1. First measure r as the distance between the Cβ atoms of Ile37 and Glu370, then evaluate 1/(1 + (r/R0)^6) with R0 = 25 Å and state the FRET efficiency to the nearest 0.05.
2. On a C-alpha basis, how far is the centre of the range 173-226 from the centre of the range 67-145 in Å? Whole number, if you could?
3. Just the ratio, please: alpha-carbon radius of gyration of the range 62-111 over 2.2 N^0.38 Å, N its number of residues.
4. What accessible area, in Å² to the nearest ten, does a 1.4 Å probe give for Cys47?
5. Kirkwood hydrodynamic radius of the range 186-300 from all distinct Cα pairs, in Å?
6. Normalise the Cα radius of gyration of the range 307-360 by 2.2 N^0.38 Å (N = residues in it) and let me know the number.
7. With all protein chains present, calculate the accessible area of Ser96 using a 1.4 Å probe and round the result to the nearest 10 Å².
8. Spin-label point model (7 Å from Cα, Cβ direction): what's the Glu51 to Lys314 distance in nm?
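The values are calculated or read from the model by the stated rules, or taken from the named source; none is laboratory data. These figures come from a predicted structure and were not determined experimentally. Cβ: placed from backbone, ideal geometry, glycine included. Neighbour counts: every protein chain shown. Just the protein is used for accessible areas: all its heavy atoms, side chains included, with ligands, DNA and RNA removed. Shrake-Rupley method; radii C 1.70, N 1.55, O 1.52, S 1.80 Å.
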Amino acid sequence: MANQLLKFGLPLAIISFLYQAVFRDLVFITLGVGKTIQPISDFPYTCRRIEDPRLSACEDMFLSDATRQLFLACSEPLARQKWMPNIARFNHSGRSSNDAVIAMDIDKPTDKGSFEYRILDTIGYPVNKHDDKTLHLVGMTGNDSPTAIELLLVNAKPSRDPTTGVLLDNDATGANSTIEKFITGSAATTLRHAATYHHPHIATPNNIATAPGMSGFYITNDHGPHKTGYMHALSQILGLGDVTYCDTTANSQSQLQSQLTCSKLAGGINFPNGLLYHPTHNLLYVPSSVNGNIRVYRPSYRSSSGPSMPTLTKIQEIPIPYAIDNLAIDPQTGDIYVPCLPKALETIAGFDDPYNSFPPSTILRVRRVEEGDAAVGADGKGKYEVKKVLEDVGGSGTPLPGTTTVLRDGRTGRLFLSGKSNPFLPCMDQSICCCALRETVLRICARYSPPWESEKAASRLATAL
């Protein structure tokens, strides 16, 4: 009897483990089995494509509400398929030479359905004499104010010989990724380079998050420390991605790697993507592009004579059965907007053929639910409402294929969407009925509330529709 149990029980246990660890996510998240994808006509938005070669392949965006500028990290669709170290594309000869940060004035529409914009020139970059002036843009974030805007960019540049500057075999070495800090302002025309951050723990950076009052930044390493090779390929399955924090206190007047202190704070994540620090919740939200869900961490800080290095305590996971890309906050309501890939394999096909393959996209809104006077229970966990606010089945003519970032302008209710290899920029306006209702709410609230409370009430109502 024991031999029979061993004979059949061990294989069943292995199969069960593999299903739980690998195949369940492959079937339901990567392949999207069982998902019902709605047409875009089911949602209260009117959609348009902004067709402009300079507004294509924009992996990420940052909205400066103070200056009414949308900053976009753009590239070229066909170049992305050649050089994209985050997904093991290391053909540096095919990389784009036209990556740029675009500043778009979102209150200045043009007669072509777009908005006025400027391609920002970089001042003081690069620092290394062997690097050219080209950026290789992935994720980005910013700190906003009416007088100055700080932008932090993931720069996935190819590795070079440090002495000669000759490009190395990046299939073997991986990218020489850095975090670049630039300063700009209202009506931006240039980016003034402030610092280059480089460290062994900035190995496979995907995106960046900052918190008010902190001297550094968080990043996700989507493949952990593994830039290339078998472990790079297996890291998504084994969950080797991490969240790292870099303290820049000693780096404020210098760009030397030796003065940057970085530490891994959380690990065991399958391809962590565009993380988000929520200033109201004082929580760090980290999504996965492999097994879905959003991990919720509470930062805490320890004082010492050295760098100020936080710790992260995992509080909970918000269940979301989709591959997730870059999280973004609606500054008016505090809601989190979540771009999802309902059929992730089709997204890869769209990446390889961006002008002819159009994968579906799903946009979710995550809202922390207030219960009485408390949004958090005694165990520290919050309650979250997850709602689908936009979706498209994909195919020819779709307005939002393979969306990697979505930002909501709280003043207009407009959604701006971008995709890593999309050859255009989707823009979604609220339907006429929603806009009229929003204006009515603003007029009523203005009689009894301060302007910012009126705006928040209108945004809440509009996003609830």
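1. 0.20
2. Going from one Cα centre to the other spans 14 Å.
3. 1.50
4. We get 50 Å² for Cys47.
5. 15.0
6. Working: Rg = 16.3 Å, N = 54, 2.2 N^0.38 = 10.0 Å.
The range 307-360 yields a ratio of 1.63.
7. Accessible surface of Ser96 is approximately 10 Å².
8. It works out to 4.7 nm between the two label points.
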